Amino acid sequence: MGTAQGVTTVGKRKSLYQFSYRRSPDQDGGPAQHSVVVIGAGPVGLACAVDMAQRGVPVVVLDDADRIGEGSRGICYAKRTLEILDRLGLGETCRDQGVTWQLGRVFQGDSEVYNFDLLPESGHKMPAFVNLQQYYLEHHLVSRAQALATEDAARIDLRWRNRVTGIAQDGAGVTLSIATPEGAYDLQADWVVAADGARSACRDLMGLAFEGEAFEERFLIADVKMKGEFPAERWFWFDPPFHEGRSALLHKQPDDVWRIDLGLGAQADATEEQKPERVIPRIRQMLGHGNFSLEWVSVYTFQCRRLARFVHDRVIFAGDAAHQVSPFGARGANSGIQDAENLAWKLAAVIRGDADARLLASYDSERIAAADENIGHSTRSTDFIAPRTAQEMRFRDAALALAAKAGFARRMVNSGRLSMPTTYRDSPLSTPDAQDWGGSAAVGAPAPDALMRAPDGTTCWLLEALDGDCTLLHMPGEGTSVPRHAQARTLVIGRDLIDADASFTRRFDASPGATWLIRPDQHLGARWRKATDQAVERAIARIFWRG
(Lines give C-alpha, C1' and ligand atoms only; values in the text may rest on other atoms or scores of the structure.)
Protein backbone atom coordinates (compact mmCIF):
# COMPACT_ATOMS: atom_id res chain seq x y z
CA MET A 1 0.00 0.00 0.00
CA GLY A 2 1.01 3.62 -0.28
CA THR A 3 2.04 5.83 2.58
CA ALA A 4 -0.97 6.28 4.85
CA GLN A 5 -1.47 9.64 6.50
CA GLY A 6 -3.61 10.36 9.52
CA VAL A 7 -4.46 6.70 10.02
CA THR A 8 -7.48 6.17 12.24
CA THR A 9 -8.63 2.79 13.47
CA VAL A 10 -12.36 2.38 14.01
CA GLY A 11 -13.96 -0.50 15.92
CA LYS A 12 -12.48 -3.51 17.72
CA ARG A 13 -10.21 -5.97 16.00
CA LYS A 14 -10.05 -9.40 17.54
CA SER A 15 -7.20 -10.45 15.24
CA LEU A 16 -4.57 -8.24 16.86
CA TYR A 17 -1.47 -10.27 17.75
CA GLN A 18 0.85 -9.05 20.49
CA PHE A 19 4.26 -10.41 21.48
CA SER A 20 6.29 -10.07 24.63
CA TYR A 21 9.61 -8.32 24.91
CA ARG A 22 12.29 -10.59 26.30
CA ARG A 23 15.82 -9.82 27.29
CA SER A 24 18.52 -11.26 25.04
CA PRO A 25 21.86 -12.58 26.29
CA ASP A 26 23.38 -10.16 23.77
CA GLN A 27 22.40 -7.31 26.12
CA ASP A 28 24.98 -8.54 28.64
CA GLY A 29 28.66 -8.10 27.93
CA GLY A 30 30.31 -6.83 24.75
CA PRO A 31 28.66 -6.56 21.32
CA ALA A 32 27.66 -9.99 20.05
CA GLN A 33 28.46 -10.95 16.46
CA HIS A 34 25.78 -12.29 14.09
CA SER A 35 25.82 -13.29 10.46
CA VAL A 36 22.61 -11.54 9.38
CA VAL A 37 20.33 -9.08 11.14
CA VAL A 38 16.98 -8.23 9.57
CA ILE A 39 15.41 -4.96 10.70
CA GLY A 40 11.61 -5.01 10.45
CA ALA A 41 9.17 -7.85 11.20
CA GLY A 42 6.69 -7.03 8.46
CA PRO A 43 5.96 -9.33 5.51
CA VAL A 44 9.21 -8.48 3.71
CA GLY A 45 11.55 -8.80 6.68
CA LEU A 46 9.92 -11.97 7.94
CA ALA A 47 9.87 -13.57 4.48
CA CYS A 48 13.57 -12.81 4.04
CA ALA A 49 14.41 -14.15 7.51
CA VAL A 50 12.41 -17.37 7.06
CA ASP A 51 13.94 -17.92 3.62
CA MET A 52 17.51 -17.54 4.87
CA ALA A 53 16.83 -19.70 7.92
CA GLN A 54 15.51 -22.46 5.65
CA ARG A 55 18.76 -22.14 3.70
CA GLY A 56 20.77 -22.74 6.88
CA VAL A 57 21.72 -19.13 7.65
CA PRO A 58 20.96 -18.01 11.24
CA VAL A 59 19.09 -14.70 11.43
CA VAL A 60 18.26 -12.14 14.12
CA VAL A 61 15.07 -10.11 13.48
CA LEU A 62 14.62 -6.75 15.22
CA ASP A 63 11.33 -4.84 15.37
CA ASP A 64 10.51 -1.69 17.30
CA ALA A 65 6.91 -2.78 17.98
CA ASP A 66 5.45 -5.68 19.91
CA ARG A 67 2.38 -6.35 17.82
CA ILE A 68 0.95 -6.85 14.38
CA GLY A 69 -2.57 -6.28 13.16
CA GLU A 70 -2.93 -2.52 12.94
CA GLY A 71 -5.50 -2.55 10.15
CA SER A 72 -5.83 -4.72 7.08
CA ARG A 73 -3.39 -2.63 5.03
CA GLY A 74 -2.27 -4.77 2.09
CA ILE A 75 -4.75 -7.49 1.15
CA CYS A 76 -4.03 -8.69 -2.41
CA TYR A 77 -1.36 -11.34 -2.89
CA ALA A 78 -0.51 -12.42 -6.41
CA LYS A 79 0.20 -15.90 -7.73
CA ARG A 80 3.98 -15.50 -7.69
CA THR A 81 3.95 -14.23 -4.10
CA LEU A 82 1.80 -17.20 -3.08
CA GLU A 83 4.31 -19.54 -4.75
CA ILE A 84 7.11 -17.95 -2.73
CA LEU A 85 5.09 -18.26 0.47
CA ASP A 86 4.40 -21.89 -0.41
CA ARG A 87 8.12 -22.58 -0.57
CA LEU A 88 8.42 -20.90 2.86
CA GLY A 89 5.81 -23.27 4.29
CA LEU A 90 2.68 -21.11 4.46
CA GLY A 91 1.32 -20.81 0.93
CA GLU A 92 -1.48 -23.32 1.38
CA THR A 93 -2.47 -21.76 4.71
CA CYS A 94 -2.78 -18.31 3.13
CA ARG A 95 -4.59 -19.65 0.07
CA ASP A 96 -7.09 -21.65 2.08
CA GLN A 97 -7.83 -18.86 4.56
CA GLY A 98 -8.01 -16.11 1.95
CA VAL A 99 -10.56 -15.23 -0.69
CA THR A 100 -9.47 -16.58 -4.08
CA TRP A 101 -10.28 -14.53 -7.14
CA GLN A 102 -9.20 -14.08 -10.73
CA LEU A 103 -12.02 -12.10 -12.39
CA GLY A 104 -12.15 -8.32 -12.44
CA ARG A 105 -14.83 -5.96 -13.71
CA VAL A 106 -14.45 -2.35 -14.83
CA PHE A 107 -17.42 0.01 -14.75
CA GLN A 108 -18.05 3.54 -15.97
CA GLY A 109 -20.99 5.04 -14.20
CA ASP A 110 -23.29 2.10 -13.54
CA SER A 111 -22.44 0.25 -16.78
CA GLU A 112 -19.86 -2.52 -17.09
CA VAL A 113 -17.21 -1.61 -19.66
CA TYR A 114 -15.50 -5.03 -19.72
CA ASN A 115 -14.19 -7.82 -17.49
CA PHE A 116 -10.91 -9.72 -17.43
CA ASP A 117 -9.62 -13.10 -16.26
CA LEU A 118 -6.13 -13.09 -14.70
CA LEU A 119 -5.65 -16.88 -14.89
CA PRO A 120 -7.60 -18.18 -17.87
CA GLU A 121 -5.88 -21.59 -17.89
CA SER A 122 -6.02 -24.32 -15.25
CA GLY A 123 -3.17 -26.49 -13.99
CA HIS A 124 -1.55 -24.22 -11.41
CA LYS A 125 -1.31 -24.93 -7.69
CA MET A 126 -1.78 -21.29 -6.74
CA PRO A 127 -4.61 -19.01 -7.93
CA ALA A 128 -4.20 -15.67 -9.68
CA PHE A 129 -4.84 -13.69 -6.48
CA VAL A 130 -5.80 -14.26 -2.86
CA ASN A 131 -7.23 -11.52 -0.66
CA LEU A 132 -6.07 -11.84 2.93
CA GLN A 133 -5.68 -9.18 5.59
CA GLN A 134 -2.02 -8.32 6.13
CA TYR A 135 -2.20 -9.09 9.84
CA TYR A 136 -3.07 -12.69 9.01
CA LEU A 137 -0.10 -12.97 6.64
CA GLU A 138 2.23 -11.49 9.25
CA HIS A 139 0.82 -13.86 11.89
CA HIS A 140 1.49 -16.88 9.64
CA LEU A 141 5.04 -15.66 8.95
CA VAL A 142 5.71 -15.16 12.66
CA SER A 143 4.33 -18.65 13.36
CA ARG A 144 6.62 -20.11 10.71
CA ALA A 145 9.61 -18.27 12.17
CA GLN A 146 8.73 -19.50 15.65
CA ALA A 147 8.43 -23.07 14.35
CA LEU A 148 11.91 -22.83 12.82
CA ALA A 149 13.24 -21.42 16.09
CA THR A 150 11.66 -24.32 17.98
CA GLU A 151 13.47 -26.78 15.71
CA ASP A 152 16.75 -24.94 16.24
CA ALA A 153 16.97 -21.85 18.44
CA ALA A 154 19.94 -20.58 16.43
CA ARG A 155 17.97 -20.37 13.17
CA ILE A 156 15.76 -17.34 13.91
CA ASP A 157 15.84 -15.02 16.91
CA LEU A 158 12.79 -12.68 16.94
CA ARG A 159 13.34 -9.65 19.15
CA TRP A 160 10.34 -7.37 19.76
CA ARG A 161 10.62 -3.81 21.07
CA ASN A 162 14.20 -3.60 19.82
CA ARG A 163 14.51 -0.22 18.09
CA VAL A 164 17.57 0.54 15.98
CA THR A 165 18.96 3.98 16.88
CA GLY A 166 22.33 3.89 15.13
CA ILE A 167 24.05 2.23 12.17
CA ALA A 168 27.80 2.29 11.58
CA GLN A 169 29.70 0.12 9.16
CA ASP A 170 33.18 -0.56 7.93
CA GLY A 171 34.45 -3.00 5.36
CA ALA A 172 34.15 -5.91 7.78
CA GLY A 173 30.63 -5.48 9.10
CA VAL A 174 27.92 -3.33 10.66
CA THR A 175 27.45 -2.13 14.25
CA LEU A 176 23.86 -1.49 15.31
CA SER A 177 22.84 0.54 18.34
CA ILE A 178 19.56 -0.73 19.77
CA ALA A 179 17.15 0.70 22.35
CA THR A 180 14.98 -1.63 24.46
CA PRO A 181 12.72 -1.26 27.52
CA GLU A 182 15.70 -2.39 29.61
CA GLY A 183 18.25 -0.05 28.10
CA ALA A 184 20.51 0.16 25.08
CA TYR A 185 23.00 -2.31 23.67
CA ASP A 186 25.12 -2.79 20.53
CA LEU A 187 25.05 -5.61 18.05
CA GLN A 188 27.48 -6.48 15.29
CA ALA A 189 26.45 -8.10 12.03
CA ASP A 190 28.20 -9.24 8.90
CA TRP A 191 25.13 -8.18 6.89
CA VAL A 192 22.01 -6.12 7.62
CA VAL A 193 18.73 -6.28 5.71
CA ALA A 194 16.78 -3.05 6.17
CA ALA A 195 13.11 -3.98 5.71
CA ASP A 196 11.61 -1.48 8.13
CA GLY A 197 8.96 -0.05 5.84
CA ALA A 198 7.98 3.21 4.22
CA ARG A 199 9.11 5.33 7.18
CA SER A 200 12.41 3.43 7.42
CA ALA A 201 14.52 4.52 10.38
CA CYS A 202 17.49 2.80 8.73
CA ARG A 203 17.12 4.99 5.68
CA ASP A 204 17.04 8.11 7.86
CA LEU A 205 19.96 7.00 10.02
CA MET A 206 22.06 6.54 6.89
CA GLY A 207 20.98 9.86 5.40
CA LEU A 208 19.45 8.29 2.32
CA ALA A 209 16.64 9.93 0.34
CA PHE A 210 14.13 8.72 -2.21
CA GLU A 211 14.05 9.84 -5.82
CA GLY A 212 10.70 10.10 -7.61
CA GLU A 213 7.26 11.66 -7.42
CA ALA A 214 4.80 12.26 -4.58
CA PHE A 215 1.12 12.45 -5.51
CA GLU A 216 -1.33 14.83 -3.82
CA GLU A 217 -4.49 12.84 -4.56
CA ARG A 218 -6.13 11.47 -1.41
CA PHE A 219 -8.00 8.19 -1.12
CA LEU A 220 -10.24 6.76 1.57
CA ILE A 221 -9.90 3.13 2.62
CA ALA A 222 -12.65 1.53 4.67
CA ASP A 223 -12.80 -2.09 5.76
CA VAL A 224 -16.47 -2.85 6.23
CA LYS A 225 -17.98 -5.83 8.03
CA MET A 226 -21.18 -7.01 6.37
CA LYS A 227 -23.00 -9.90 4.76
CA GLY A 228 -22.76 -9.03 1.06
CA GLU A 229 -24.05 -10.61 -2.10
CA PHE A 230 -21.18 -9.32 -4.21
CA PRO A 231 -19.07 -12.08 -5.79
CA ALA A 232 -15.38 -12.63 -5.01
CA GLU A 233 -14.25 -10.37 -7.84
CA ARG A 234 -12.43 -7.06 -8.19
CA TRP A 235 -14.91 -4.33 -9.06
CA PHE A 236 -13.58 -0.92 -10.09
CA TRP A 237 -15.72 2.09 -11.02
CA PHE A 238 -14.86 5.26 -12.89
CA ASP A 239 -17.30 8.06 -12.05
CA PRO A 240 -19.84 5.83 -10.25
CA PRO A 241 -23.35 7.22 -9.57
CA PHE A 242 -22.77 6.84 -5.81
CA HIS A 243 -19.47 8.79 -5.89
CA GLU A 244 -19.66 11.09 -8.90
CA GLY A 245 -16.51 12.35 -10.53
CA ARG A 246 -14.24 10.00 -8.57
CA SER A 247 -13.19 6.34 -8.48
CA ALA A 248 -14.29 3.41 -6.34
CA LEU A 249 -12.98 -0.09 -5.69
CA LEU A 250 -14.63 -3.06 -3.96
CA HIS A 251 -12.83 -6.22 -2.84
CA LYS A 252 -13.87 -9.14 -0.63
CA GLN A 253 -11.74 -10.31 2.30
CA PRO A 254 -12.14 -13.17 4.77
CA ASP A 255 -14.44 -12.84 7.81
CA ASP A 256 -17.19 -11.04 5.85
CA VAL A 257 -14.96 -7.97 5.56
CA TRP A 258 -14.99 -5.88 2.39
CA ARG A 259 -12.34 -3.41 1.27
CA ILE A 260 -13.74 -0.17 -0.13
CA ASP A 261 -11.42 2.42 -1.67
CA LEU A 262 -12.82 5.81 -2.71
CA GLY A 263 -11.00 8.64 -4.49
CA LEU A 264 -11.37 11.94 -2.62
CA GLY A 265 -9.34 14.48 -4.58
CA ALA A 266 -6.24 16.41 -3.64
CA GLN A 267 -8.05 18.99 -1.51
CA ALA A 268 -9.79 16.54 0.84
CA ASP A 269 -9.19 17.06 4.56
CA ALA A 270 -7.66 13.79 5.82
CA THR A 271 -8.80 14.30 9.41
CA GLU A 272 -12.39 15.16 8.53
CA GLU A 273 -12.75 12.40 5.92
CA GLN A 274 -11.92 9.70 8.47
CA LYS A 275 -14.66 10.66 10.86
CA PRO A 276 -17.51 8.10 11.01
CA GLU A 277 -20.08 10.81 10.32
CA ARG A 278 -18.36 11.37 6.95
CA VAL A 279 -17.45 7.76 6.14
CA ILE A 280 -20.74 6.02 6.94
CA PRO A 281 -22.94 8.10 4.58
CA ARG A 282 -20.49 7.53 1.72
CA ILE A 283 -20.54 3.77 2.20
CA ARG A 284 -24.30 3.67 2.73
CA GLN A 285 -24.73 5.45 -0.60
CA MET A 286 -22.40 2.96 -2.31
CA LEU A 287 -23.97 -0.18 -0.85
CA GLY A 288 -27.57 0.98 -0.80
CA HIS A 289 -28.05 -0.07 2.83
CA GLY A 290 -26.69 0.55 6.31
CA ASN A 291 -26.24 -3.01 7.49
CA PHE A 292 -22.50 -2.80 8.05
CA SER A 293 -19.94 -1.82 10.65
CA LEU A 294 -16.57 -0.15 10.21
CA GLU A 295 -13.49 -2.29 10.94
CA TRP A 296 -10.76 0.11 9.87
CA VAL A 297 -10.61 3.52 8.20
CA SER A 298 -7.66 5.38 6.72
CA VAL A 299 -7.01 8.25 4.35
CA TYR A 300 -3.81 7.95 2.38
CA THR A 301 -1.63 9.61 -0.18
CA PHE A 302 1.25 7.82 -1.87
CA GLN A 303 4.58 8.16 -3.59
CA CYS A 304 6.20 6.48 -6.57
CA ARG A 305 9.83 6.68 -5.50
CA ARG A 306 12.93 4.62 -4.76
CA LEU A 307 16.46 4.78 -3.47
CA ALA A 308 19.15 5.31 -6.09
CA ARG A 309 20.78 2.08 -4.86
CA PHE A 310 19.44 -0.72 -2.67
CA VAL A 311 22.84 -2.17 -1.69
CA HIS A 312 24.91 0.11 0.53
CA ASP A 313 27.99 -1.92 1.33
CA ARG A 314 26.76 -4.36 4.00
CA VAL A 315 23.35 -2.75 4.56
CA ILE A 316 20.80 -3.86 1.97
CA PHE A 317 17.33 -2.32 1.60
CA ALA A 318 14.19 -4.22 0.64
CA GLY A 319 10.45 -3.59 0.31
CA ASP A 320 8.98 -0.19 1.15
CA ALA A 321 12.26 0.82 2.77
CA ALA A 322 13.80 0.66 -0.73
CA HIS A 323 10.91 1.72 -2.96
CA GLN A 324 7.30 2.88 -2.77
CA VAL A 325 4.44 2.67 -5.25
CA SER A 326 0.74 3.43 -5.31
CA PRO A 327 -1.62 0.71 -4.06
CA PHE A 328 -3.21 0.40 -7.51
CA GLY A 329 -2.32 -3.03 -8.84
CA ALA A 330 -1.27 -4.50 -5.47
CA ARG A 331 2.41 -3.97 -6.20
CA GLY A 332 3.70 -2.98 -2.74
CA ALA A 333 3.79 -6.17 -0.65
CA ASN A 334 4.05 -8.39 -3.72
CA SER A 335 7.17 -6.67 -5.02
CA GLY A 336 8.60 -6.52 -1.50
CA ILE A 337 8.26 -10.26 -0.93
CA GLN A 338 9.89 -10.80 -4.33
CA ASP A 339 12.73 -8.53 -3.14
CA ALA A 340 13.10 -10.81 -0.13
CA GLU A 341 13.30 -13.94 -2.24
CA ASN A 342 15.81 -12.42 -4.65
CA LEU A 343 18.04 -11.30 -1.79
CA ALA A 344 17.75 -14.35 0.48
CA TRP A 345 19.26 -16.95 -1.83
CA LYS A 346 22.06 -14.62 -2.93
CA LEU A 347 23.03 -13.58 0.57
CA ALA A 348 22.89 -17.21 1.74
CA ALA A 349 25.13 -18.27 -1.17
CA VAL A 350 27.67 -15.57 -0.32
CA ILE A 351 27.68 -16.47 3.39
CA ARG A 352 28.11 -20.20 2.64
CA GLY A 353 30.96 -19.45 0.25
CA ASP A 354 29.07 -20.73 -2.80
CA ALA A 355 29.18 -17.34 -4.52
CA ASP A 356 31.34 -14.26 -4.70
CA ALA A 357 30.07 -11.20 -2.80
CA ARG A 358 29.77 -9.49 -6.18
CA LEU A 359 26.60 -11.55 -6.64
CA LEU A 360 24.81 -9.02 -4.43
CA ALA A 361 25.26 -6.40 -7.14
CA SER A 362 22.73 -8.39 -9.15
CA TYR A 363 20.17 -7.83 -6.37
CA ASP A 364 20.61 -4.13 -7.04
CA SER A 365 20.27 -4.42 -10.80
CA GLU A 366 17.41 -6.96 -10.85
CA ARG A 367 15.27 -5.42 -8.13
CA ILE A 368 15.86 -1.83 -9.25
CA ALA A 369 14.60 -2.92 -12.67
CA ALA A 370 11.56 -4.44 -10.92
CA ALA A 371 11.02 -1.26 -8.89
CA ASP A 372 11.21 0.91 -12.00
CA GLU A 373 8.72 -1.36 -13.76
CA ASN A 374 6.32 -1.13 -10.81
CA ILE A 375 6.76 2.62 -10.45
CA GLY A 376 6.02 3.07 -14.15
CA HIS A 377 2.84 1.01 -13.92
CA SER A 378 1.76 2.78 -10.74
CA THR A 379 2.35 6.24 -12.17
CA ARG A 380 0.37 5.47 -15.32
CA SER A 381 -2.45 3.95 -13.26
CA THR A 382 -2.66 7.04 -11.09
CA ASP A 383 -2.71 9.36 -14.10
CA PHE A 384 -5.60 7.36 -15.59
CA ILE A 385 -7.61 6.92 -12.38
CA ALA A 386 -7.19 10.50 -11.16
CA PRO A 387 -6.48 12.72 -14.18
CA ARG A 388 -4.76 15.97 -13.28
CA THR A 389 -5.64 17.93 -16.43
CA ALA A 390 -8.69 18.35 -18.64
CA GLN A 391 -6.77 16.73 -21.50
CA GLU A 392 -6.02 13.63 -19.41
CA MET A 393 -9.69 13.45 -18.43
CA ARG A 394 -10.82 13.62 -22.08
CA PHE A 395 -8.41 10.84 -23.02
CA ARG A 396 -9.62 8.66 -20.15
CA ASP A 397 -13.29 9.11 -21.00
CA ALA A 398 -12.64 8.43 -24.69
CA ALA A 399 -10.67 5.27 -23.87
CA LEU A 400 -13.46 4.00 -21.63
CA ALA A 401 -16.13 4.70 -24.24
CA LEU A 402 -14.13 2.90 -26.92
CA ALA A 403 -13.27 -0.05 -24.66
CA ALA A 404 -16.97 -0.82 -24.22
CA LYS A 405 -17.20 -1.46 -27.97
CA ALA A 406 -13.76 -2.58 -29.13
CA GLY A 407 -11.55 -5.15 -27.45
CA PHE A 408 -8.26 -3.58 -28.55
CA ALA A 409 -9.08 -0.39 -26.62
CA ARG A 410 -9.17 -2.24 -23.31
CA ARG A 411 -5.37 -2.10 -23.21
CA MET A 412 -5.68 1.67 -22.87
CA VAL A 413 -7.91 1.43 -19.79
CA ASN A 414 -5.88 1.43 -16.60
CA SER A 415 -7.71 0.71 -13.35
CA GLY A 416 -4.44 -0.50 -11.84
CA ARG A 417 -2.28 -2.96 -13.79
CA LEU A 418 -2.25 -5.90 -11.41
CA SER A 419 1.00 -7.23 -10.01
CA MET A 420 3.02 -9.59 -12.17
CA PRO A 421 6.53 -10.85 -11.42
CA THR A 422 9.35 -9.08 -13.20
CA THR A 423 11.25 -10.86 -15.96
CA TYR A 424 14.94 -10.10 -15.53
CA ARG A 425 15.51 -9.59 -19.25
CA ASP A 426 18.95 -8.02 -18.97
CA SER A 427 20.19 -9.87 -15.90
CA PRO A 428 23.92 -10.65 -15.80
CA LEU A 429 22.94 -14.00 -14.27
CA SER A 430 20.99 -15.15 -17.34
CA THR A 431 22.38 -17.06 -20.31
CA PRO A 432 20.73 -15.80 -23.52
CA ASP A 433 18.88 -18.33 -25.66
CA ALA A 434 20.85 -19.84 -28.52
CA GLN A 435 17.77 -21.50 -30.05
CA ASP A 436 14.14 -20.53 -30.63
CA TRP A 437 11.67 -21.45 -27.90
CA GLY A 438 7.91 -21.31 -27.56
CA GLY A 439 5.70 -21.81 -24.53
CA SER A 440 5.23 -19.48 -21.59
CA ALA A 441 8.62 -20.13 -19.93
CA ALA A 442 11.16 -17.36 -20.54
CA VAL A 443 14.75 -16.80 -19.48
CA GLY A 444 14.76 -14.39 -16.53
CA ALA A 445 11.12 -15.12 -15.60
CA PRO A 446 9.82 -17.39 -12.83
CA ALA A 447 9.38 -20.94 -14.05
CA PRO A 448 5.69 -21.65 -14.75
CA ASP A 449 4.13 -24.28 -12.53
CA ALA A 450 2.92 -27.58 -13.97
CA LEU A 451 1.05 -30.60 -12.69
CA MET A 452 3.42 -33.55 -12.31
CA ARG A 453 3.45 -37.10 -10.95
CA ALA A 454 6.07 -38.61 -8.72
CA PRO A 455 7.48 -42.06 -9.56
CA ASP A 456 5.08 -43.63 -7.03
CA GLY A 457 2.11 -42.17 -8.93
CA THR A 458 1.21 -39.42 -6.47
CA THR A 459 0.47 -36.00 -7.97
CA CYS A 460 2.72 -33.06 -7.19
CA TRP A 461 3.62 -29.67 -8.62
CA LEU A 462 6.76 -28.65 -10.45
CA LEU A 463 7.51 -25.69 -8.17
CA GLU A 464 7.18 -27.91 -5.10
CA ALA A 465 9.81 -30.21 -6.59
CA LEU A 466 12.13 -27.31 -7.44
CA ASP A 467 11.85 -25.91 -3.91
CA GLY A 468 14.71 -23.43 -3.35
CA ASP A 469 17.59 -25.29 -4.97
CA CYS A 470 19.54 -24.54 -8.11
CA THR A 471 18.15 -27.27 -10.35
CA LEU A 472 18.77 -28.80 -13.75
CA LEU A 473 15.64 -30.17 -15.41
CA HIS A 474 16.39 -32.62 -18.21
CA MET A 475 14.20 -34.41 -20.70
CA PRO A 476 16.02 -37.51 -22.02
CA GLY A 477 16.67 -37.75 -25.72
CA GLU A 478 18.76 -39.70 -28.17
CA GLY A 479 22.41 -38.70 -28.11
CA THR A 480 22.18 -36.74 -24.85
CA SER A 481 23.34 -37.56 -21.34
CA VAL A 482 21.89 -36.43 -18.04
CA PRO A 483 23.71 -33.22 -16.96
CA ARG A 484 25.39 -33.14 -13.56
CA HIS A 485 26.93 -30.33 -11.53
CA ALA A 486 28.13 -29.96 -7.94
CA GLN A 487 26.11 -26.76 -7.38
CA ALA A 488 22.85 -28.04 -8.87
CA ARG A 489 20.70 -31.07 -8.42
CA THR A 490 19.23 -32.78 -11.46
CA LEU A 491 15.62 -33.86 -12.00
CA VAL A 492 14.90 -36.00 -15.04
CA ILE A 493 11.48 -35.57 -16.66
CA GLY A 494 9.92 -38.99 -17.12
CA ARG A 495 11.95 -40.53 -14.31
CA ASP A 496 11.98 -38.21 -11.28
CA LEU A 497 8.97 -36.17 -12.40
CA ILE A 498 6.33 -37.24 -14.91
CA ASP A 499 4.43 -34.69 -16.98
CA ALA A 500 0.92 -35.50 -15.73
CA ASP A 501 -1.18 -33.59 -18.27
CA ALA A 502 1.35 -32.32 -20.85
CA SER A 503 1.34 -28.85 -19.25
CA PHE A 504 5.10 -29.02 -18.63
CA THR A 505 5.69 -29.86 -22.29
CA ARG A 506 3.48 -26.96 -23.43
CA ARG A 507 4.75 -24.34 -21.03
CA PHE A 508 8.43 -25.20 -21.43
CA ASP A 509 8.24 -26.08 -25.15
CA ALA A 510 9.92 -29.32 -24.15
CA SER A 511 11.63 -31.56 -26.68
CA PRO A 512 13.74 -34.73 -26.24
CA GLY A 513 17.24 -33.87 -25.06
CA ALA A 514 16.34 -30.40 -23.72
CA THR A 515 17.73 -29.05 -20.44
CA TRP A 516 16.63 -26.12 -18.29
CA LEU A 517 18.64 -24.45 -15.51
CA ILE A 518 16.47 -23.05 -12.70
CA ARG A 519 17.91 -20.54 -10.24
CA PRO A 520 17.38 -20.93 -6.46
CA ASP A 521 14.56 -18.34 -6.68
CA GLN A 522 12.85 -20.51 -9.36
CA HIS A 523 13.61 -18.07 -12.20
CA LEU A 524 14.78 -19.65 -15.44
CA GLY A 525 18.49 -19.01 -15.86
CA ALA A 526 19.30 -20.89 -19.06
CA ARG A 527 17.98 -23.56 -21.45
CA TRP A 528 19.36 -25.65 -24.26
CA ARG A 529 17.94 -28.01 -26.84
CA LYS A 530 21.13 -30.06 -26.44
CA ALA A 531 23.24 -29.04 -23.45
CA THR A 532 27.00 -29.58 -23.19
CA ASP A 533 28.95 -29.90 -19.97
CA GLN A 534 30.82 -26.71 -20.80
CA ALA A 535 27.60 -24.75 -21.42
CA VAL A 536 26.10 -25.94 -18.12
CA GLU A 537 29.30 -25.05 -16.25
CA ARG A 538 29.37 -21.53 -17.73
CA ALA A 539 25.69 -20.93 -16.96
CA ILE A 540 25.97 -22.05 -13.32
CA ALA A 541 29.15 -20.01 -12.85
CA ARG A 542 27.19 -17.05 -14.20
CA ILE A 543 24.32 -17.58 -11.72
CA PHE A 544 26.72 -17.65 -8.77
CA TRP A 545 28.96 -14.92 -10.21
CA ARG A 546 32.05 -17.10 -10.25
CA GLY A 547 34.97 -16.70 -12.61
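A single member of LEU491, LEU524, LEU517 is more than 17 Å from TRP461 (Cβ to Cβ) and either assigned to a strand (DSSP E or B) or modelled with pLDDT under 95 (or both), and it is LEU517. Considering the stretch 457-476, and only residues there that are at pLDDT below 95 and acidic (Asp, Glu), the residue that is surrounded by the most Cβ atoms within 10 Å (Cβ to Cβ) turns out to be ASP469.
For ALA198, the conditions (1) touching a residue at least 40 places away in the same chain (Cβ under 8 Å); (2) part of a strand (DSSP E or B) all hold with the exception of (2). Restrict the check to the stretch 227-239 and report whether at least one residue is at pLDDT below 95 and under 30 Å from ALA308 (Cα atoms). Looking through the stretch 227-239, none of the residues is at pLDDT below 95 and under 30 Å from ALA308 (Cα atoms). Tell me, yes or no, whether the stretch 208-225 has at least one residue that is under 23 Å from HIS377 (Cα atoms), in a loop (DSSP other than H, G, I, E, B) and touching a Leu at 6+ places or on another chain (Cβ under 9 Å). Yes, because at least one residue in the stretch 208-225 is under 23 Å from HIS377 (Cα atoms), in a loop (DSSP other than H, G, I, E, B) and touching a Leu at 6+ places or on another chain (Cβ under 9 Å). Within the stretch 170-189, the only residue that satisfies the criterion of being in contact with a His (Cβ under 8 Å, 6 or more places away or on another chain) and open to solvent by 20 Å² or more (accessible area, probe 1.4 Å) is GLN188. Of the strands (runs of 3 or more DSSP E) lying entirely inside the stretch 38-145, those containing at least 2 residues that are within 22 Å of PRO254 (Cα to Cα) and open to solvent by less than 40 Å² (accessible area, probe 1.4 Å) are 76-78, 99-101, 129-131. Between PRO512, PRO448, which is in contact (Cβ under 8 Å) with a residue 24 or more places away in the chain and either closer than 20 Å to THR423 by Cβ or hydroxyl-bearing (Ser, Thr, Tyr) (or both)? It is PRO448. Checking each residue in the stretch 347-368 for being closer than 21 Å to SER35 by Cβ, free of Cβ contacts under 8 Å to residues at least 60 places away in the same chain and open to solvent by less than 10 Å² (accessible area, probe 1.4 Å) picks out LEU360, TYR363.
Here the condition is being among the hydrophobic types (A, V, I, L, M, F, W, C) and without any contact (Cβ under 8 Å) to a residue 40 or more places away in the chain; of ALA153, ALA145, it holds for ALA153 alone.
Considering VAL224, VAL192, the condition of being more than 23 Å from PHE129 (Cα to Cα) and crowded, with 22+ Cβ neighbours inside 10 Å is satisfied by VAL192 alone.
The values are calculated or read from the model by the stated rules, or taken from the named source; none is laboratory data. Note that this is a predicted model, so its numbers are computed, not measured. Positions of Cβ are generated from backbone atoms using ideal geometry, with glycine treated the same way; all protein chains shown enter the neighbour counts. Each accessible area value is taken on the protein alone, full model and side chains, heavy atoms only, with ligands, DNA and RNA left out. Shrake-Rupley method; radii C 1.70, N 1.55, O 1.52, S 1.80 Å.
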